[in-house]
Amino acid sequence: MPQEPAERRVVVTGPPRRAGRTPGYYRPRTEIDEQTTLGHTYVRTLMRIQLRAGLTVFAVLALLIGPLPLVFAAAPDARRLEWAVLGFGLYPPLVLLARWYVRRAERNERDFVRLVEDR
């Protein structure tokens, strides 16, 4: 009688090439790529937050720069003061507002990416 060959063992040494999905696995990036309603909601929320930051900066600028013509009209003989205020007085607040806006926008995008990335 011929002997049957012994079963060979296969040893896997690397990570699996394709991981199976577990049931109920949720991927926001897929929702965005496939343009589903939920993905649309994610993107719309990010856009709304970015718009809110932009409108906040615009409102502060309007409150800062808007009344200046009235102030300058009240003192028509103060030409040097006008140039000093426009040339030097507005520059630091504009830089601070721009810096705040960029930081806020980057933080919003970072939070969005953290939400969308696989955990």
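Here is a check on your reading of the model: is ASP77 surrounded by 10 or more Cβ atoms within 10 Å (Cβ to Cβ), charged (D, E, K, R) and at negative phi?
So ASP77 does not fit the description; no.
Tally time: how many residues in region 5-30 are modelled with pLDDT of 70 or more, open to solvent by less than 100 Å² (accessible area, probe 1.4 Å), not aliphatic (A, V, I, L, M) and not in a helix (DSSP H, G or I)?
2
Which of the residues belonging to region 63-74 are surrounded by 10 or more Cβ atoms within 10 Å (Cβ to Cβ), hydrophobic (A, V, I, L, M, F, W, C) and either over 37 Å from the mean Cα position of the chain (by Cα) or not in a helix (DSSP H, G or I) (or both)?
Listed by number, the residues that qualify are VAL71, PHE72.
Among the residues of region 93-119, write down those that are more than 27 Å from HIS40 (Cα to Cα) and open to solvent by 80 Å² or more (accessible area, probe 1.4 Å).
Those that are more than 27 Å from HIS40 (Cα to Cα) and open to solvent by 80 Å² or more (accessible area, probe 1.4 Å): LEU96, ARG99, TRP100.
Out of LEU86, LEU90, report the one residue that is open to solvent by 60 Å² or more (accessible area, probe 1.4 Å) and more than 16 Å from the chain's Cα centre (by Cα). Working first, answer last.
Working: LEU90 fails: open to solvent by 60 Å² or more (accessible area, probe 1.4 Å).
Of LEU86, LEU90, the one residue that is open to solvent by 60 Å² or more (accessible area, probe 1.4 Å) and more than 16 Å from the chain's Cα centre (by Cα) is LEU86.
Assess whether ASP77 counts as being free of Cβ contacts under 8 Å to residues at least 40 places away in the same chain, of a type in the set (Asp, Glu) and not in a helix (DSSP H, G or I).
yes
The values are calculated or read from the model by the stated rules, or taken from the named source; none is laboratory data. None of the values given here were measured: they were computed from a predicted structure. We place every Cβ from the backbone using ideal geometry, glycine too, and count neighbours over all the protein chains shown. SASA here: full protein model, heavy atoms, side chains in, ligands and nucleic acids out. Shrake-Rupley method; radii C 1.70, N 1.55, O 1.52, S 1.80 Å.
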